[in-house]
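Note sheet for the following structure.
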Amino acid sequence: MLSLVVIAKNEADRLESCLNSVDFAVEKIVVESGSSDRTVEVAEAAGAKVICTDWPGHVAQKNRALALATQPWVLSLDADERLSPEAASQLREALANPGDAVGFSFPRCSTWLGTAIRHGRWYPDRKLRVVRRGLAKWGGDDPHDQLRVDGPVVRLTGDILHTPYRNFGEHMNTIDRYSEISARVLTGRGVRGHWYDIAFRPPLHFVDAYVVRRGCLDGVSGLALAGLGSAHVLAKWTRVWLRSRET
């Protein structure tokens, strides 16, 4: 009664654990977009149906994957995510007796360079990921997609386990890439950047992540992540400002 759908590109090293963490899924679908590694072979070996296609953006690709599911319930995971045993057990029980729920959400625990982060802007980072087929749609602005559903959502307590970066270099590259995508989306909507966005948004992000949301309790990792989050904000709004000057 459950379909697992995943979008992936060059995720051969992480995809297997993602797919295997939901061993009770009746159907597994991987939407792949031009991998140069063994992503397709790994997906097929794990019992997934692979759809090879182009890359229209995060939101559009996830809606493609959602539309391919055939079971009454659909679980959407990223290739760098997996259900914890606790989350998998809770989901099986919830699907056996869903009541009037149209969706289920989970907290997401991300690991940064080997350390599980439990505070700051990284946790609990609750995500709606399980929905009744036909009653949900991905929205939001690339690259920050959001699954939306109209109806009751039950909050489960088991974690989605998330390993977003293989190393520090990948984190820095993602900041560069995502800040460019976000700036392009914002300016496309007519948003303009100003000096005060550059001056105030980054330090406000740091205070929120490190003090208000207690990232300080994650030690040096919490400090680093608050700083890197501020760097992301600075890069994004500097790019919005530069694009505003061009137009």
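The values are calculated or read from the model by the stated rules, or taken from the named source; none is laboratory data. Remember, predicted model here, so these are calculated numbers, not experimental data. As a convention, Cβ positions derive from the backbone with ideal geometry for all residues, glycine included, and neighbour counts pool all protein chains shown.
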Residue within the stretch 220-239 that is of a type in the set (S, T, N, Q) and surrounded by fewer than 12 Cβ atoms within 10 Å (Cβ to Cβ) present
no
Cβ pairs under 7 Å, 6+ apart or interchain, first in the stretch 171-198 and surrounded by 12 or more Cβ atoms within 10 Å (Cβ to Cβ), second part of a helix (DSSP H, G or I) and of a type in the set (Lys, Arg), ordered by first then second residue, are SER179/LYS236; SER179/ARG239; GLU180/ARG239; SER182/LYS236; ALA183/LYS236; ALA183/ARG239; ALA183/ARG243; THR187/ARG243
Here the residues within the stretch 4-27 that are in contact with a helix residue (DSSP H, G or I) (Cβ under 8 Å, 6 or more places away or on another chain) and surrounded by 23 or more Cβ atoms within 10 Å (Cβ to Cβ) are LEU4, VAL5, VAL6, ILE7, ALA8, LEU15, LEU19
Scanning the stretch 134-155 residue by residue, the ones that are charged (D, E, K, R) and either surrounded by 16 or more Cβ atoms within 10 Å (Cβ to Cβ) or in contact with a Phe, Trp or Tyr (Cβ under 7 Å, 6 or more places away or on another chain) (or both) total 4
For the stretch 216-243, pairs from a residue that is more than 17 Å from ASN167 (Cα to Cα) to a residue that is hydrophobic (A, V, I, L, M, F, W, C) and outside any helix (DSSP H, G or I), with Cβ under 7 Å and 6 or more apart or across chains, are ASP218/ILE117; VAL240/VAL191
Scanning the stretch 100-118 residue by residue, the ones that are in contact with a Cys (Cβ under 9 Å, 6 or more places away or on another chain) and buried (at least 20 other Cβ atoms within 10 Å of the Cβ) total 1
Out of (1) part of a loop (DSSP other than H, G, I, E, B); (2) closer than 21 Å to ASN10 by Cα, the one ALA101 does not meet is (2)
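Taking the condition of being in a loop (DSSP other than H, G, I, E, B) and either touching a Cys at 6+ places or on another chain (Cβ under 7 Å) or under 13 Å from GLU27 (Cβ atoms) (or both), how many residues in the stretch 42-60 meet it?
Looking only at that region, the number is 3.
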THR70 passes all but one of the listed conditions (1) over 21 Å from ARG14 (Cα atoms); (2) under 19 Å from the mean Cα position of the chain (by Cα); (3) among the β-branched types (Val, Ile, Thr); the exception is number (2)
Here the qualifying pairs (Cβ atoms under 7 Å; residues six or more apart or on different chains; first in the stretch 6-27 and farther than 15 Å from PRO164 by Cβ and outside any helix (DSSP H, G or I); second of a type outside the set (Lys, Arg) and at pLDDT below 95) come out as VAL26/MET1
Expected single match for in the same structural domain as LEU68 (by TED's automatic domain parsing) and either more than 30 Å from GLU93 (Cα to Cα) or surrounded by fewer than 16 Cβ atoms within 10 Å (Cβ to Cβ) (or both) among VAL40, VAL50, VAL31 is VAL40
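Here are some residues: VAL149, VAL212. Which one is in the same structural domain as ALA87 (by TED's automatic domain parsing) and either touching a residue at least 40 places away in the same chain (Cβ under 8 Å) or under 30 Å from TRP241 (Cα atoms) (or both)?
VAL149
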Condition set without any contact (Cβ under 8 Å) to a residue 60 or more places away in the chain and within 14 Å of PHE24 (Cβ to Cβ), scope the stretch 86-99, selection surrounded by the most Cβ atoms within 10 Å (Cβ to Cβ): answer is GLU93
Cβ pairs under 6 Å, 6+ apart or interchain, first in the stretch 105-117 and over 15 Å from PRO85 (Cα atoms), second hydrophobic (A, V, I, L, M, F, W, C), ordered by first then second residue, are SER105/LEU128; SER105/VAL153; SER110/ILE117; SER110/TRP122; ALA116/CYS109
